[in-house]
Amino acid sequence: MSPAVSIIVPIYNAEAYLPRCLDSLCRQTLSSVEILLVIDGNSNKESRSIAEAYCSRESRMKILSTQAYGASTVRNIGLRYAKGDYIGFVDSDDYVMPEMFDELYSFASTHSLDIAVSGILRDNADSKPIHAQMLYREEVTRASLTSRRNFMYKWVLSTQANPVWNKLYRRAFLQQNDLFFNEMIQMGEDAVFNTSCFSLADSAGSMNQAYYVYYNRPSSQMYTVQTKDTLRDFQHRWEVFQNCAERVPNGDTLLAMASLRLIANAIYIFKIRNQLLEEACDFAGLIISHLGLQPYLEVALQPEVLPVFAKECHMDEAALQNFRKFAESAYNGKEKLLEWQLYFKNVIEKKG
């Protein structure tokens, strides 16, 4: 009999955090799970030894030792091996609440969802308690009961579409649509995978509970953004959005919102690595030019485009106005974008 859930854990040199991750998976209250520990070919002996020790005493765990390299390739091996009705992912330096897969599976199966989403907790590697980083409304959306564009607004272009590790995916849905991670992408592979998944899903739902703990370890964000590689990754993401837009009427409005999300994400990548806002806005300007986003930024500023998007994403009026100012600054060039980002940092963020 197939397990209810397959949990894929890619492992690469995470020996300092791996025991906590695996302990949290051993404590899952859902008994019908398989936990696939997929070891990167470049991983060290210490991580392998830890994985082997856990598998020797936890019957639900299995090791998949491969010569594959990179998060996307390793995850794809797990996807090909998984037997569960639903599939989830856990990064080896993070951990989860005991009830995560029990509750998420119950929600997904009760509503017969292609994709189910839970909130995210954050552990900042300090003495402060973990806290909710992201909570969503409890809701279920079916593509047959709304426009495909609005379905994609909610699930493809909202903050819900970023990580894979706070979700369950129906395995049959992934197989039917031949959905795998793009192994050419070094940064943002989760977002690309989710864009493809949500753009093809017939149903998706989110819970108003957070079970996944993202561990914000200090060393994980200290590397410099490599412009050439990052630009290539954004090119891949833009191509996926273009493919999505071909499947909906008025696809230009979808690409308009995708443009803004890509620009916002580019700036965020620089900010979380403590790089200058000037550098972030220079890179955003490069993306606008390289990907040809300027015409879509003009579309975004048409009167009804932003309000429709805001409604689907549950933005309040203040958030909508800030998003509109961001769109205007992006349209008017990197100097205006920098001006808005400095104002947002020094005034709006400080107000909370």
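The values are calculated or read from the model by the stated rules, or taken from the named source; none is laboratory data. If you're wondering where the values come from, they're calculated on a predicted model, not measured in any experiment. For neighbour counting, all protein chains shown are included, and Cβ atoms are generated from backbone atoms with ideal geometry for every residue, glycine included. The protein model used for the area step is the full one, side chains on, heavy atoms only, and it has no ligands, DNA or RNA in it. Shrake-Rupley method; radii C 1.70, N 1.55, O 1.52, S 1.80 Å.
Amide H contacts under 5 Å for Phe89: Ile8, Lys167, restricted to partners 5 or more places along the chain or on a different chain, H placed in the peptide plane at 1.01 Å from N. Percent of Cα pairs in segment 3-90 per distance bin of 10 Å, from zero to the largest separation: 19, 56, 25, 1. Here the contact order of the chain, divided by its residue count and restricted to Cα pairs under 8 Å and six or more residues apart, works out to 16 percent.
Less than 5 angstrom separates the built amide H of Glu34 from those of Val5, Ser6, Ile7, all sequence-distant by 5 or more or on a different chain.
Indicate, rounded to the nearest 5 percent, the antiparallel portion of the DSSP beta bridges found entirely in segment 111-242. So the antiparallel bridges amount to about 55 percent of the total.
With the simple spin-label model, which puts each label point 7 Å out from Cα in the Cβ direction, the Tyr81 to Gln294 separation comes to 5.0 nm.
For segment 28-138, the fraction of 1.4 Å probe accessible surface lying on carbon and sulfur atoms is 48 percent. Averaging 1/r over each pair of different alpha-carbon atoms in the chain and inverting the result gives 21.1 Å, the Kirkwood hydrodynamic radius. Pairs of Cα atoms in segment 257-352 fall into 5 Å distance bins, from 0 up to the last occupied one, in shares of 2, 13, 24, 26, 20, 12, 3, 0 percent.
When averaged across all projection directions, what area in nm² does the alpha-carbon convex hull of segment 126-285 cover? Intermediate values should be presented prior to the final figure.
Details: hull surface 42.4 nm².
Across all orientations, segment 126-285 yields a mean hull projection of 10.6 nm².
Only helices enter the 222 nm calculation for the chain: every DSSP H run of n ≥ 4 contributes -39,500 (n - 2.57), and dividing by all residues gives -14500 deg cm²/dmol, rounded to 500. A probe of 1.4 angstrom, applied to the heavy atoms of all protein chains, finds Ser59 with accessible area near 110 square angstrom.
A simple count of charges around Tyr153, restricted to other residues whose Cβ falls under 14 Å of its Cβ and scoring Lys, Arg +1 and Asp, Glu -1, yields +2.
Based on protein heavy atoms only, segment 173-266 ends up with 42 Å² per residue of surface accessible to a 1.4 Å probe. Over 23 Å apart: what share of the alpha carbon pairs of segment 147-238 falls there, rounded to a whole percent? Considering segment 147-238, 33 percent of its Cα-Cα pairs are separated by more than 23 Å. Calculated on the alpha-carbon coordinates, the convex hull of segment 1-152 measures out at 141 cubic angstrom per residue.
Compute the accessible area per residue over segment 46-125, keeping the other protein chains in place, probe 1.4 Å, unit Å². Please list the in-between numbers first.
Numbers: 3060 Å² over 80 residues.
Result: 38 Å² per residue.
Applying 1/(1 + (r/R0)^6) with r as the Cβ-Cβ distance of Thr227 and Ala264 and R0 = 30 angstrom yields a FRET efficiency of 0.95. In whole percent, what relative contact order does segment 15-140 give with Cα contacts below 8 Å and a gap of six or more residues? Worked out over segment 15-140, it gives 28 percent. Between Tyr69 and Ser31, the simple label model (points 7 Å from Cα in the Cβ direction) yields a spacing of 4.3 nm. Residues in segment 268-284 carry Karplus couplings, in order, of 4, 4, 6, 5, 6, 9, 6, 8, 4, 4, 4, 5, 4, 6, 4, 5, 4 Hz; the curve used is 6.51 cos²θ - 1.76 cosθ + 1.60 with θ = phi - 60°, and Gly or Pro positions show x. Remark: the Asp282-Glu46 segment gains 80.8 nm on full extension, using 0.36 nm per residue and subtracting the alpha carbon distance. A straight chain from Glu138 to Leu320 at 0.36 nm per residue would run longer than the Cα-Cα distance by 63.4 nm. Per atom type, segment 209-352 shows carbon and sulfur on 51% of its accessible surface, probed at 1.4 Å.
Taking the DSSP bridge list for the chain and keeping only pairs wholly inside it, about 35 percent are antiparallel. Based on every Cα atom in segment 43-123, Rg and the maximum pairwise Cα distance Dmax equal 14.6, 43 Å.
Residue by residue, segment 72-87 carries 3J(HN,Hα) couplings of 5, 5, 5, 4, 5, 4, x, 4, 6, 8, 4, 10, x, 5, 10, 10 Hz when phi is fed to the Karplus relation 6.51 cos²θ - 1.76 cosθ + 1.60 (θ = phi - 60°); x denotes Gly or Pro.
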